[in-house]
Amino acid sequence: MRRREFLKLAGAVSLAGCATATPSKGRVVVVGGGFGGATAARYIRMWDPAIDVVLVEREPAFISCPISNLVLAGYTGMQDISRGYEGLQRQGVRLLRDEVTAVDTAKKTVLLASGPPLSYERLVLSPGVDFNFGEVEGYQAAMDSGAVLHAWKAGPQTEALRRQLEQMSDGGTYVLSIPPAPYRCPPGPYERTCMVAAYFKQAKPRSKVLVLDANPDVTSKAGLFKRAWEDLYKGIIEYRPNAKVVAVDGAGKALRTDFDTIKGDVLNVVPPQRAADIAVKAGVVTTNNRWCDVDWRTMESKAAKGVHVLGDATLSAPAMPKSASMANNHAKIAAAAIVELLNGRNPEPVKIINTCYSFVAQKEAIRVSSVHEWEPGQGTLIAVKGSGGVSAARSEAEATYAWNWARTIWADSLAG
């Protein structure tokens, strides 16, 4: 199946050489090896091997945020959600373990923390999110001391939060604070609520989960989550909407909202979010000092020509979540457009699909899905009416599909 048909249906040189050599069709530098960046690097190389692709990633391995909540419950381990980048290297993607410190969009170069500058014809930024810690008084100090964690980037904080839950005495309270939308993975906090409650139900039956949600209601799959809480975790979970945390007292193990002060034994505060720092440095943050506006036909930044922005860092189109599935699909839009542009052709809009699974118990999950297509009159991607929906009910079948989806998207993004 040709590349265009697929998209319509599915929605070794030295570092100095990297900086100066000129490949026949140009070089694409990809910043960030998550779902967006890894997928973009893979598909550009796959669709046109004559394009030189350099992926800059500071971490030694890919760690999946989807499924990571299961680590908190003890249902899986970090090794099960971690993957290497060898598959991309086998496809000819040049992997640089480094960090981009600056972008010069006029000169089309990126500066690295330890390597020489890289020139590019096209730049792909898939930086994910960083946090507005300053919006929560006392947060930075509390996090630095280890008293408060967010664990909203899968990795060391995921493991640290699991340890805190294990060390908490039976009868203690775990408090989860959810920031105002938009944030990475809308259903993620509610899945986490279920996973921690499932762990308590099994190992610490006198313990409680208190959810302080800055939003007026559960932001995704509300009916399904609330049914699971009632059926599976009655008496364990307390949910409070319109409860925005504005301050943290790490030493006192307390959180303050506009109306109350709440104490807990384990404090898990997910801060307000924005496009990651490198997007700011590249000058592509356009909206509310938080998100990057793009042309959804190509994922090209509206603030900087030749720079394509993917994933959670983008200013989401209507009804579009910040999800792994979306980042993977953004990457395919960008990859297709870049291949066309570097071959002197005009890109075409494509249709993309979002699917998001959430576990509510060890062997039960729920799902939401949607299809998005380019609408010329509105100048953006819109959700196709009648194309999406949620699971009829939680089920073991959906849990099986969730694991299959995870393994499939890992393989699709990482070429292995």
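The values are calculated or read from the model by the stated rules, or taken from the named source; none is laboratory data. On a predicted model such as this, the values are computed, not experimentally measured, just so you know. No Cβ is skipped: glycine too gets one built from the backbone with ideal geometry, and neighbour counts run over all protein chains shown. With ligands, DNA and RNA removed, areas are computed over all heavy atoms of the protein, side chains included. Shrake-Rupley method; radii C 1.70, N 1.55, O 1.52, S 1.80 Å.
Note on segment 103-116: residues that are surrounded by 13 or more Cβ atoms within 10 Å (Cβ to Cβ), out of contact with any Gly (no Cβ under 9 Å at 6 or more places or on another chain) and assigned to a loop (DSSP other than H, G, I, E, B) total 2. The set of residues in segment 23-39 being open to solvent by less than 10 Å² (accessible area, probe 1.4 Å) and closer than 16 Å to G416 by Cβ consists of G33, G37, A38, T39. Only residues that are crowded, with 21+ Cβ neighbours inside 10 Å and of a type in the set (S, T, Y) were counted across segment 159-192, and they come to 4. Counting the residues of segment 196-213 that are surrounded by 22 or more Cβ atoms within 10 Å (Cβ to Cβ) and either at pLDDT below 95 or farther than 12 Å from Y174 by Cα (or both) gives 2.
Select from segment 229-262 the residues that are among the hydroxyl-bearing types (S, T, Y) and over 12 Å from V209 (Cα atoms) and write down the one among them that is surrounded by the fewest Cβ atoms within 10 Å (Cβ to Cβ). Checked segment 229-262; the qualifying residue surrounded by the fewest Cβ atoms within 10 Å (Cβ to Cβ) is T261.
Selection of segment 153-174 for residues being out of contact with any Lys or Arg (no Cβ under 8 Å at 6 or more places or on another chain) and closer than 16 Å to A254 by Cα yields only Q164. Of all residues in segment 383-402, those satisfying the criterion of being within 24 Å of the chain's Cα centre (by Cα) and closer than 18 Å to I353 by Cα are A383, V384, S387, G388, G389, V390, S391, E398, Y401, A402. Every listed requirement among (1) surrounded by fewer than 17 Cβ atoms within 10 Å (Cβ to Cβ); (2) over 23 Å from the mean Cα position of the chain (by Cα); (3) at pLDDT below 95 is met by A10 save one, (2).
Here V211 meets the list (1) within 21 Å of P187 (Cβ to Cβ); (2) part of a helix (DSSP H, G or I); (3) touching a helix residue (DSSP H, G or I) at 6+ places or on another chain (Cβ under 6 Å) almost entirely, failing just condition (2).
Among the residues of segment 150-183, those that are under 12 Å from T219 (Cβ atoms) and outside any strand (DSSP E or B) comprise P179, P180, A181, P182, Y183. Scanning segment 32-41 for residues that are farther than 13 Å from A336 by Cβ and either out of contact with any strand residue (DSSP E or B) (no Cβ under 6 Å at 6 or more places or on another chain) or part of a helix (DSSP H, G or I) (or both) gives G32, G34, F35, G36, G37, A38, A41. Figure legend. Inter-residue proximity from segment 83-96: first residues within 17 Å of V28 (Cα to Cα), second residues in a loop (DSSP other than H, G, I, E, B) and open to solvent by 30 Å² or more (accessible area, probe 1.4 Å), beta-carbon distance below 7 Å, spacing 6+ or different chains. Indicated pairs: G92/P49. Inside segment 226-275, residues that are at pLDDT 95 or above and either in a strand (DSSP E or B) or aromatic (F, W, Y) (or both) make up a count of 25.
Looking only at residues that are assigned to a loop (DSSP other than H, G, I, E, B) and open to solvent by less than 30 Å² (accessible area, probe 1.4 Å) in segment 117-126, which one is farthest from Y183 (Cα to Cα)? The qualifying residue farthest from Y183 (Cα to Cα) is Y120. Contact map, segment 38-58: first residue closer than 21 Å to G115 by Cα, second residue modelled with pLDDT under 95 and hydroxyl-bearing (S, T, Y), Cβ cut-off under 9 Å, separation 6 or more or different chains; pairs are D52/T22; D52/S24. Counting only residues that are in a loop (DSSP other than H, G, I, E, B) and at negative phi, which one in segment 184-196 is nearest to the chain's Cα centre (by Cα)? Residue satisfying both the conditions and the ranking: R184. Tell me which residues, restricted to segment 276-293, are assigned to a loop (DSSP other than H, G, I, E, B), in contact with a Leu (Cβ under 8 Å, 6 or more places away or on another chain) and open to solvent by less than 30 Å² (accessible area, probe 1.4 Å). Answer for segment 276-293, where residues must be assigned to a loop (DSSP other than H, G, I, E, B), in contact with a Leu (Cβ under 8 Å, 6 or more places away or on another chain) and open to solvent by less than 30 Å² (accessible area, probe 1.4 Å): A282, V284. Criterion applied to A254, A276 was being under 23 Å from the mean Cα position of the chain (by Cα) and aliphatic (A, V, I, L, M), and the one residue passing it is A276.
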